[in-house]
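Heads up, the thing below is written out as structure tokens.
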Amino acid sequence: MERQRVIFLVLLIAWTIFRLVRYLRMSAARRPQPAIPPSDGGPTPPPAGTAASSAMMATSPIEPAATGGARFAHNLVAAAVFIAGAVVIWALLFLVPAFENVPAMVRMAVGVLATLYLIQLARGAATRVIGAGERHEPPQDNNPIK
């Protein structure tokens, strides 16, 4: 029975990796542009690369635009908080002798839920730490809904 579970687990992991690689290849594949322009005389559509790049470059008019250095610092602080928190959570769950009697599946579920909360905590901490240096300037009200 145990051997069958291991075999199914290995097959499940292999199938997941196969699908992930397949989706990544499909998303990275370049689709050829049509060789013949539209014959109705209407405007020709822009190349696919310009539409995608302009959509990716669009920023929120409500939030201030972050510069490259600020974005890197924000991501660095968020990653540091997340990694440190994950190490503490998982070490507490699996290395503390008081939790040895708790089933491993329950400890893993608690660890996953705590890690999901940790993602939000890391984002907030990074915004708080990086945003502290930028508070000397009053924020601009660029809300387009008004």
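Taken together, the values in this text are just the output of simple stated rules run on the coordinates, not laboratory data. Computed from a predicted model, the values in this text were never measured in an experiment. Backbone-built Cβ (ideal geometry, glycine too); neighbour counts: all protein chains shown.
May I ask you to derive the FRET efficiency for Asn101 and Thr16 from their Cβ-Cβ distance with R0 = 22 Å, giving the value to the nearest 0.05?
Between Asn101 and Thr16 the formula returns 0.10.
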- [ ] Could you calculate the FRET efficiency of Leu121 with Ala73 from 1/(1 + (r/R0)^6), where r is the beta carbon distance between them and R0 is 22 Å, rounded to 0.05?
- [x] 0.80
Open item on the list: Taking each pair of distinct Cα atoms in segment 67-133 once, what is the resulting Kirkwood hydrodynamic radius in Å?
Closed with: 13.1 Å
Task: Pair Tyr23, Gln4: separation of 7 Å Cα→Cβ label points (nm) - done: 3.0 nm
